[in-house]
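Data block below; observations after.
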Amino acid sequence: MPELPEVETICRGLELHLAGRRILKVKVRERRLRCLVDRRLAEYLEGKTILGVERRAKYILIPVSGDMVWMYHLGMSGKLIHVDPQTPRQKHDHILVSLDSGRELRYHDPRRFGLSLLVAANRLHDLPQLKRLGPDPFDACFTGSYLHSFTKHSDRRIRDLLLDQQIVAGIGNIYANEILSCVGIRPTTRSRRLRRSQVEEIAAMIPTVLREAIRWCGTSFSDYRDVDDKFGEFQNHLRVYDRDGEKCRFCPSPIKRVAIGNRSAFYCPTCQK
Ligand SMILES: [Zn+2]
């Protein structure tokens, strides 16, 4: 599932290809995504100009002329690919958008958990999907003391707390495990047992790890590709995630995997206390 660095990589690629382009034609081949795609999507979008591409948590926001925002969430397996229109169409290409650049934007999603919604720009922040989100890890208001206000009374494991999108938006299981590895804290630690200094370290490490992952264009395990259909490379730099049984990069111990809830946590039993 794409997390913040993958979505940011896609947004940067989209911005390059889409900003200033006019939408000529929209064809919806499959409306049944997580929510039904609006029947009038083509009617609203054709002839409009794309003003830019922004990210909010794991949502892709594409403001278009006429004060509308076209919003995407990639769900489990969604891809937005910018291609030559001659490229053969694939089975799960659900939305096709012809641009005045002569190129085509395709939304591909075999599992159909993604979302494509058109909203009035002034209603965007009232959308239930966006309203409940906590700050972005790159926002100035995301600080050590902010995070500490949640950890100090919480019995939840720190890995689970970092996955809570209402506390901080955009972190999924890969990066939660990686961030905790970087600060030497076990993912299974109860949040309230962390010292304030440790929480501050975690808060500072979050944007550092995410920035590094963006530099490598994200992590590709199965479905994720960028807009040019290329793999990310951060999977080659992971410290703990999905490396159970392999040797720690910093000591001779093998990485351990434990099940917490329905998602595994990964850590080095020597480097993480
Ligand atoms: Zn180690």
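The values are calculated or read from the model by the stated rules, or taken from the named source; none is laboratory data. None of these values were measured; they are calculated from a predicted model. A quick note on method: Cβ atoms are made from the backbone with ideal geometry, for glycine too, and the neighbour counts reach across all protein chains shown.
The table for this structure:
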| quantity | calculated |
| --- | --- |
| Subset of region 194-229 that is basic (Lys, Arg) and not in a helix (DSSP H, G or I) - its residue that is modelled with the lowest pLDDT | Arg225 |
| Residue check, Gly232 more than 13 Å from the ligand (Cβ to nearest atom), in contact with a Pro (Cβ under 6 Å, 6 or more places away or on another chain) and part of a loop (DSSP other than H, G, I, E, B) | no |
| In region 59-82, the residues that are in contact (Cβ under 8 Å) with a residue 24 or more places away in the chain, surrounded by fewer than 18 Cβ atoms within 10 Å (Cβ to Cβ) and either over 18 Å from Met1 (Cα atoms) or in contact with a strand residue (DSSP E or B) (Cβ under 8 Å, 6 or more places away or on another chain) (or both) | Asp67 |
| Enumeration of residues in region 179-196 that are out of contact with any strand residue (DSSP E or B) (no Cβ under 6 Å at 6 or more places or on another chain) and hydroxyl-bearing (Ser, Thr, Tyr) | Ser181, Thr189, Ser191 |
| Criterion violated by Glu233 - all others in (1) loosely packed, with under 15 Cβ neighbours inside 10 Å; (2) over 30 Å from Leu16 (Cβ atoms) satisfied | (2) |
| Filter result for the condition that a residue is under 20 Å from Gly172 (Cβ atoms) and either of a type in the set (Gly, Ala, Ser) or surrounded by 16 or more Cβ atoms within 10 Å (Cβ to Cβ) (or both), over Arg103, Arg132, Arg111, Arg56 | Arg56 |
| Filtered residues of region 251-273 (kept if closer than 22 Å to Gln198 by Cα, modelled with pLDDT under 95 and either within 25 Å of the chain's Cα centre (by Cα) or near the ligand (Cβ under 10 Å from one of its atoms) (or both)) | Ile260 |
| Test: residue in region 131-146 that is part of a loop (DSSP other than H, G, I, E, B), at pLDDT 95 or above and within 20 Å of Arg263 (Cα to Cα) | no |
| Matching option when the condition is among the aliphatic types (A, V, I, L, M), within 16 Å of the ligand (Cβ to nearest atom) and more than 30 Å from Val83 (Cα to Cα), among Ile202, Ile185 | Ile185 |
| In region 154-177, the residues that are polar (S, T, N, Q) and under 18 Å from Ser264 (Cβ atoms) | Asn173, Asn177 |
| Selected residue (criterion: nearest to Arg103 (Cα to Cα)) from residues of region 42-68 that are acidic (Asp, Glu) and not in a strand (DSSP E or B) | Glu46 |
| Among (1) assigned to a helix (DSSP H, G or I); (2) without any contact (Cβ under 8 Å) to a residue 40 or more places away in the chain; (3) under 19 Å from the mean Cα position of the chain (by Cα), the one test that Ile167 misses | (1) |
| Positions within region 23-41 being of a type in the set (A, V, I, L, M, F, W, C), in a loop (DSSP other than H, G, I, E, B) and surrounded by fewer than 14 Cβ atoms within 10 Å (Cβ to Cβ), in sequence order | Cys35 |
| Output for region 110-162, where each listed residue is closer than 30 Å to Tyr44 by Cβ and among the small types (Gly, Ala, Ser) | Gly114, Ser116, Ala120, Ala121 |
| Cross-chain or 6+ apart pairs with Cβ under 8 Å, region 249-273 first and touching a residue at least 60 places away in the same chain (Cβ under 8 Å), then near the ligand (Cβ under 10 Å from one of its atoms) and of a type in the set (A, V, I, L, M) | Phe266/Val240; Phe266/Ile255; Tyr267/Val240; Tyr267/Ile255; Cys268/Val240; Cys268/Ile255 |
| His82 vs. criteria in a strand (DSSP E or B) and touching a helix residue (DSSP H, G or I) at 6+ places or on another chain (Cβ under 7 Å) | yes |
